[in-house]
Amino acid sequence: MNLHRIKAIIYKEWREILRDRLFLSLAFFVPVSMMLVFGYGIKMDVENIPFAVLDQDRSAMSRDYLHLFMDSRYFDYQGDVQNERELEPLLADSKIRFAIIVPPRFQENLLSGRPAPVQSLIDGTFPFRTATSKGYVIAINNAFNGKLLAGFISKKMGLSPEQAASLVQPVKLELRYLYNQELKSIWSIAPAMMMFILMMTPPFLTALGVVREKENGSIYNIYSSTVTRAEFLIGKLLPYLGISAVNVVILWFMAAQVFGAPFKGDPLFFFLASVVYDSCTTGIGLLVSLFANTQVAAMMITVVVTIIPSVLYSGLLVPIASMDAASQFEAHLFPAMYYTDIAIGSFLKGIGMEQLWGRAGALLLYTLVLWLVSYLLFHKRVRA
Amino acid sequence: MSRFSKTTHHAVYRWWSRMVAMTGKELRQLSRDYLLVGAVLFLFTLDVMMAGGVKMDLNMATMMVHDADHSQASRELIYRFQPPYFKFGGEILNQKEGIELLDQGKALVVLDIPPRFQHDLIQGKPTSVQLQVDTGNTVLGTLAASYGGQIIGRYGFDIALQRMNITDAGLASVPMLADSHRVWYNPNQKDAWFMPISELLTIITVLAMMLPAAAAVREKERGTIEQLLVSPLTPTQIMLPKVVAMTLVILLGTALSLGLILRGVFDVPMKGSIPLFFAVTALYTFAMSGLGLFISTVSRNLAQATMLIIMVMMPIILLSGAWTPPEAMPPGIRQAMYLSPLYYYIEMAYGILLKGAGLKLLWDSLLGLTLIGSAVFGFGVWRFRRQFS
């Protein structure tokens, strides 16, 4: 290996990147705009669920009950309907996501000590939101039930309302939210977005950079030169790695400053781990570029091998521990999972090298294997 | 007169035969790039299938228990945390161990039962249990807290009924809400319907922009555009076949995905009219290809085009409601959604496939897509033609 030649390749590549102004600015601008769009656009907090009411009882109690929904910040009251048939088009057209029906004789039933049926209709299109909405409805119903029951008992047994209340609810629940006490979804999305963006952009830059030389034939200059395989690959990759390392810092700053995600971990460890992750994803781009002969193909394959695993198998949506054995195995094969743990751990949990060295090591190993395989697959002689 | 009609007839014929020839050329060129064909096939089939494996609901979240009571009551409470939402991960000896496990992501929830839990319950004293939830991922954290709260609430309620000697039969004489929940369109709340459809719509969006853009930029980059320009073809005859060919490929892929994966693997009900779905998809693909063509005019090579496409695509997907429904968006962004063609397409796609909605309900979305789509497509075509003049 000749340092001089590596420098020359780096210089050549860097000049080429610099000359393509649009590409250069996009290399920095795309990650930033992705971070902004995702940060401001993805809302995992389930609030303002539009709903309609069918109150067939129209009594004081039914109004009290329905007001629990209208006053909740989770629900957004859209109006009353007169009969059940009106609800269907509203749900089908997504004007409402949820409807609550109070049948006649609601008050009469409750006052005479009988159960009173109520029914909720929930749009099941977005399963996560359905589950959450249902949770809210059950919580409101339970609160209303608790009051009803306490009133019933205090009358029946002659207890004070406080005594009755504690009798009805003997086990209190203390909930402690760790790492993100206010449940701000952006706090967990921002670090996870670093994983996603750094998984997507470096391979694109690298794969397109290498395949472009193949497609327009300039790679033959390299083939016929004295530059060795390793020198070419290292020289070719380092500029892209440099761009990605700068992007790490930019994205990190945005996550912490623009979106306010607290960074509690070890900055040095996080930066180094991020650069290792970058070299890993750059390596993926390199490997793709060795198989693809056209830029379109390189582009599509990069989409396939980066976006899908980083959404499905990174722990972004589903914790690895909850997957079935096969998916868990697949998750361990992709680098995204390890980096998600490092990012969330460094930002929200405030853990560092001590707990995360295993994950960082896995990324390093991954990188070495990718670069080695690429080296072995890259030939200066064109096979016939 | 007849002479005139004959020449127009001729011109029309020539126009069409050129279109057909050029469309054939685009299709042939695409089919020769095996890797690309493979990637497109993969996206429409296996990828949509893999997306079905992602469950956004809480699934077997590991729960660790610090049980300082070890009584029948505490065991009964622990026993109620059951799959599919929770799985019992084991007991821990102290709180510190719980924090360590949460730190390392080995547990999502730690339940802490105080000493004398059963004793207090029997004595009728109020007692409390603690649930520590990892909200590093807020979606899962919120769900775990909600389900955990429901389980513990139900447990407390059962204890209360026991204490007041109210049996199940006796419940009929207690004033209570008897609530029932009906989930529409997806009664079992199968993620396996939502995610693959969402993935398919995203793939259609990506390909509808990328394929025509790539086909146009490649001619520029390789210089073959010069050959086309010296031929008798008009700019429209160069451009339209690219759009038509790629739309055909996408419709074919969509058909494959719909039949093989959505119906074959996931049993998506497909309540609405399938021809309507394809018509809408074709309209949408045309609209998005306009954007792709526009991008091809401002970029000199595919690397530039790719980065631009990613940049344009992300807001379009995000503003569409594919991941976040409109009502959850902040007010300003909510209005911006009306600019995203995907917003209308998604409304119609879910409407047709899951809800069985027809044109009577969806006409406003169709109108929106047609308006935005023609504007976008017209703009792309105008830019594309202008670059030759």
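Quote the FRET efficiency, to the nearest 0.05, computed for A:Leu365 versus B:Ser31 with a Förster distance R0 of 51 Å and r equal to the Cβ-Cβ distance. Efficiency for this residue pair is about 0.85. If you take all other residues with their beta carbon under 9 Å from the beta carbon of B:Leu361, and give Lys and Arg +1 and Asp and Glu -1, the sum is 0. With the alpha-carbon atoms of region B:47-169 aligned to their principal axes, the span from lowest to highest coordinate is 56, 40, 20 Å, starting with the largest. Chains B and A together bury roughly 10400 Å² of accessible surface, counting both sides and using a 1.4 Å probe on protein heavy atoms. Classify region A:49-168 from the C-alpha gyration tensor, please: rounded if a/c falls under 1.5, else prolate or oblate depending on whether a/b exceeds b/c. It is prolate, given that a/c is not under 1.5 and a/b is the larger ratio. Annotation: lysines with alpha-carbon distance below 30 angstrom to A:Lys155 (same-chain offsets under eight excluded): A:Lys147, A:Lys172, B:Lys125.
Among the GluC sites (Glu not before Pro) within region A:133-229, those in coil by DSSP and having at most 12 neighbouring Cβ atoms inside 10 Å are A:Glu182. Distance between the 7 Å Cα→Cβ label points at A:Val373 and A:Leu159: 6.5 nm. Solvent exposure of chain A, expressed per residue, is 41 Å² of accessible area, with all protein chains present and a 1.4 angstrom probe.
Note on exposure: A:Arg105, B:Arg163 ranked by accessible area (1.4 Å probe, complete protein assembly) read A:Arg105, B:Arg163, with the most exposed listed first.
Evaluate 2.2 N^0.38 Å with N set to the residue count of chain A, then give the Cα radius of gyration divided by it. Don't jump to the answer; show the numbers that get you there.
Details: Rg = 29.0 Å, N = 384, 2.2 N^0.38 = 21.1 Å.
Normalised Rg, Cα atoms only: 1.37.
For the peptide B:295-306, the mean number of other protein chain Cβ atoms found within 10 angstrom of a residue's Cβ is 6. For region A:46-77, backbone nitrogen atoms closer than 19 Å to the point 7 Å from A:Leu175 Cα along Cα-to-C-beta are found at A:46-49, A:68-76. FRET efficiency for the B:Phe278 to B:Phe88 pair, using the beta carbon distance and R₀ = 35 Å, is estimated at 0.10. Residues considered: A:Gly260, A:Gly79, A:Gly158. Largest GNM mean-square fluctuation over chain A, using C-alpha springs under 10 Å, is found at A:Gly158.
With R₀ set to 51 Å, the beta-carbon distance separating B:Glu97 from B:Arg383 gives a calculated FRET efficiency near 0.20. 3J(HN,Hα) along region A:207-223: 4, 5, x, 7, 5, 4, 5, 5, 5, 8, x, 5, 5, 5, 4, 5, 3 Hz, from the Karplus curve 6.51 cos²θ - 1.76 cosθ + 1.60 with θ = phi - 60°, whole Hz, x for Gly and Pro. Distance from the alpha carbon centroid of region B:1-42 to that of region B:293-313 works out to 25 angstrom.
With springs only between Cα atoms under 10 Å, which of B:Ser173, B:Ser299, B:Ser374 fluctuates most in a Gaussian network model of chain B? Comparing B:Ser173, B:Ser299, B:Ser374 in the GNM, the peak value goes to B:Ser173. Excluding same-chain neighbours fewer than eight residues apart, the aspartates and glutamates reachable from B:Lys360 by a Cα-Cα span under 12 Å are A:Asp93. Ligands, DNA and RNA left out, the accessible area of region A:49-168 computed with a 1.4 Å probe is 53% carbon and sulfur.
Evaluating 6.51 cos²θ - 1.76 cosθ + 1.60 at θ = phi - 60° for every residue in region A:235-250, the Karplus couplings come out as x, 6, 7, 4, x, 5, 5, x, 4, 5, 5, 5, 4, 4, 5, 4 Hz, glycine and proline recorded as x. Can you list which of the DSSP-assigned H helices in chain B have a Cα extent of 18 Å or more along the long axis and an average Kyte-Doolittle score of at least -0.5? For chain B, where a helix must reach 18 Å along its axis and average at least -0.5, the hits are B:138-163, B:191-222, B:235-256, B:274-298, B:302-318, B:359-386. If both residues of a DSSP beta bridge must be in region A:49-168, then about 30% of such bridges are antiparallel. When the Cα gyration tensor is reduced to axis lengths a ≥ b ≥ c, the ratio a/c is 1.5 or higher for the protein assembly as shown, and with a/b not above b/c it is classed as oblate.
If both residues of a DSSP beta bridge must be in the protein assembly as shown, then about 20% of such bridges are antiparallel. The mean count of C-beta atoms from other chains within 10 Å of the C-beta of residues in B:111-120, rounded to a whole number, is 1.
Helix A:3-19: angle to the longest alpha-carbon principal axis of chain A, degrees 0 to 90, nearest 10? Around 60 degrees separate the two axes.
Quick one: angle between helix A:21-41 and the longest Cα principal axis of chain A, in degrees between 0 and 90, rounded to 10, please. Tilt relative to chain A: about 20 degrees. Relative to the longest principal axis of the Cα atoms of chain A, helix A:127-157 runs at roughly 30 degrees. Of all beta bridges DSSP finds with both residues in region B:61-173, what is the antiparallel percent, to the nearest 5? The answer is about 30 percent antiparallel. For A:Lys172, nonlocal amide neighbours, meaning residues 5 or more places apart or on other chains whose placed amide H falls under 5 Å from its own, are B:Thr127, B:Ser128, B:Val129. Counting only DSSP H runs of at least 4 residues, each contributing -39500 (n - 2.57), and dividing by the residue count of chain B, the helix-based mean residue ellipticity at 222 nm comes to -20500 deg cm²/dmol. Remark: region B:61-173 carries 44 Å² of accessible area per residue (probe radius 1.4 Å; ligands, DNA and RNA excluded). Consider a paramagnetic label point 7 Å from the Cα of B:Leu252 along Cα→Cβ; state which residues of region B:34-72 have an amide N under 17 Å from it. In region B:34-72, the label zone of B:Leu252 (backbone N under 17 Å from the point 7 Å along Cα→Cβ) covers B:34-46.
The values are calculated or read from the model by the stated rules, or taken from the named source; none is laboratory data. What you are looking at is a predicted structure, and each value in this text was computed from that prediction instead of being measured. Glycine gets a Cβ as well: all are built from the backbone with ideal geometry, and neighbour counts include every protein chain shown. With ligands, DNA and RNA removed, areas are computed over all heavy atoms of the protein, side chains included. Shrake-Rupley method; radii C 1.70, N 1.55, O 1.52, S 1.80 Å.
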